[in-house]
Amino acid sequence: MSGTAEGLALAYVKRWLWKAAAPVAVPVFGVLTLLLIPLAVLDAPEASTSPASSCSIAGTGASAADIELDAVQMGHAQTIVAVAAARGLDPYAATVALATAYQESRIRMLANDGSSPELTAEQAAVTATSLTYPHDGLGSDHDSVNTFQQRWTAEWGTVAQLMDPVYAAEAFYRRLVEVPNWRTIPLTQAAQAVQISAAGGAYARWEPLARELTAMLWPAAQATAVDASGTAAGVCPGLPVPAGSWIRPTAGTVTSGYGSRLGTLHAGVDIAGPRDTPVYAAADGTVVRAECTSAYCDRDGTLSLAGYGNLVELDHGGGVTTRYAHLSGYTVTVGQRVSAGGLIGFQGSTGNSTGVHLHLEVRFDGASVDPVPWLASRGVDLHATTAG
């Protein structure tokens, strides 16, 4: 991609890419994480829910062509579609890519442990480095990795590049546009020309699913390609909340309370739910901040990284503000008026964080207060498990 507009669009896409990832740490990282439990929350498991309840419980899950997709799959699908729009391709390109990704991985970012007997010891070791990158599961077909099962030995890219969902989609489209008449030939032929698969005829089976997903995700992706504001498109609707009410802003479990933490004030409450669980406005207000407050927010943060990561702050009037931190993405812009229950973002682990959660703060005249009793006095139980 080239040009300022495409660069901005790609920057947006990269904000999406880690939304969809559900990292599975290698053993050494797991041990370190367990040692840091007092300082951070661990990744919550992805919930399995019906499409009707997925927006309130497990993020951006949806159903297309009678196939249920969870939040992880929908996040990767959004990335694939957004990359097509950012490149100036048409919806058919995204449809071909989605059908391919579903056939190859069920639209999941797969690592590879290098256990295939077809690999040399050196190839196996290189392939196994994919385990050190965020992934949704394991595969063992030759040296194939990611949503498209691309192979580093077939010159698709390095393992590090291929484990980047944006790069993976870019690589697929680069080869697709080189296929003669790719816009007019049957989907399965276009996909097979790119993939050169032993089961090339299987892609056609997923064309209805891919077409529905493209229709669902293309409008937001296209709008972003034109105006790359850095915000995430809202897939889930807001909650129905009476005017003037306060609510619990997200689903999940309180894992860390307000107070001193190793000599530093933990100025809010951590609520941990599945990655991309929707975060809603706790009350009516105006957006005063919606930005990345750390050195980077296009992937999960660490304890050594300063800042809130992706942060949304709302002004509710009367000196009261609320902060929603470590978001994987946000759906609002500064100056926007939001109602209680309006979707503002998604749980993530950006910034000074080692696990997926929402860090919620309540402030009065700029000073933080304990959100638990403050919201309890307004009829909100933060120790419940559902939003609203």
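When Gly259 is tested against (1) surrounded by fewer than 17 Cβ atoms within 10 Å (Cβ to Cβ); (2) modelled with pLDDT under 90, just one condition goes unmet, and that condition is (2).
Could you please let me know if Thr153 is within 17 Å of Arg299 (Cβ to Cβ), assigned by TED's automatic domain parsing to the domain that holds Ala221 and not in a strand (DSSP E or B)? Criteria not met by Thr153. So, in the stretch 292-310, of the ones that are assigned to a loop (DSSP other than H, G, I, E, B) and polar (S, T, N, Q), which residue ends up surrounded by the most Cβ atoms within 10 Å (Cβ to Cβ)? Among those residues, the one meeting the criterion is Ser294. Can you tell me which residue within the stretch 263-291, out of those that are among the small types (Gly, Ala, Ser) and surrounded by fewer than 22 Cβ atoms within 10 Å (Cβ to Cβ), is farthest from Arg323 (Cα to Cα)? Only one residue fits best here, namely Gly263.
With respect to Gln123, is the statement that it is at pLDDT below 95 and either in the same structural domain as Gly75 (by TED's automatic domain parsing) or assigned to a helix (DSSP H, G or I) (or both) true? Taking the combined requirement at face value, the residue does not satisfy it.
Okay, residues lined up against (1) aliphatic (A, V, I, L, M); (2) over 18 Å from the mean Cα position of the chain (by Cα):
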site	(1), (2)
Asp90	no, yes
Ala94	yes, yes
Arg106	no, no
Ser115	no, yes
Ala125	yes, yes
Arg151	no, yes
Glu155	no, yes
Thr158	no, yes
Met163	yes, no
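Taken together, the criteria exclude Leu176 from residues that are under 19 Å from the mean Cα position of the chain (by Cα) and at negative phi.
Taking the stated definitions as given, is Ser130 among the polar types (S, T, N, Q), on the phi < 0 side of the Ramachandran plot and buried (at least 20 other Cβ atoms within 10 Å of the Cβ)? Taking the combined requirement at face value, the residue satisfies it. When the stretch 346-388 is filtered for residues that are in contact with a Ser or Thr (Cβ under 6 Å, 6 or more places away or on another chain) and assigned to a strand (DSSP E or B), the ones remaining, listed by number, are Phe346, Gly348, Leu358, Glu361, Val362, Arg363.
Give the residues of the stretch 251-291 that are among the β-branched types (Val, Ile, Thr) and assigned to a loop (DSSP other than H, G, I, E, B), sorted by residue number.
Residues of the stretch 251-291 among the β-branched types (Val, Ile, Thr): 253-255, 264, 269, 271, 277, 279, 286-288.
Passing the criteria: only Thr277.
Return yes or no: is Asp143 surrounded by 19 or more Cβ atoms within 10 Å (Cβ to Cβ), under 18 Å from the mean Cα position of the chain (by Cα), of a type in the set (D, E, K, R) and outside the structural domain of Gly301 (by TED's automatic domain parsing)? So Asp143 fails the test.
Count, please, the residues in the stretch 343-356 that happen to be over 13 Å from the mean Cα position of the chain (by Cα) and either farther than 9 Å from Pro278 by Cβ or not assigned by TED's automatic domain parsing to the domain that holds Gly285 (or both). Of the residues in that region, 5 qualify. Per the listing Val380, Val334, Val372, the residue uniquely of a type outside the set (Gly, Ala, Ser) and in contact with a Leu (Cβ under 9 Å, 6 or more places away or on another chain) is Val372. List pairs: first residue in the stretch 100-128 and more than 24 Å from Thr79 (Cα to Cα) and free of Cβ contacts under 8 Å to residues at least 24 places away in the same chain, second residue surrounded by fewer than 17 Cβ atoms within 10 Å (Cβ to Cβ) and of a type in the set (Ser, Thr, Tyr) anywhere in the structure, Cβ distance under 8 angstrom, at least six positions apart or on different chains. Going by the 8 Å Cβ cut-off, the qualifying pairs are Ala124/Ser115; Ala124/Ser116. Against the condition in contact (Cβ under 8 Å) with a residue 24 or more places away in the chain, buried (at least 20 other Cβ atoms within 10 Å of the Cβ), of a type in the set (A, V, I, L, M, F, W, C) and more than 30 Å from Ala86 (Cα to Cα), how does Ile344 come out, does it pass? No. Of the residues Val338, Val320, the single one that is in contact with a strand residue (DSSP E or B) (Cβ under 7 Å, 6 or more places away or on another chain), more than 15 Å from Gly268 (Cβ to Cβ) and of a type in the set (Val, Ile, Thr) is Val338.
The values are calculated or read from the model by the stated rules, or taken from the named source; none is laboratory data. This structure is a prediction, so every number in the text was calculated from the model and none was measured. Using ideal geometry, Cβ is built from the backbone for each residue, glycine included, and neighbour counts are taken over all protein chains shown.
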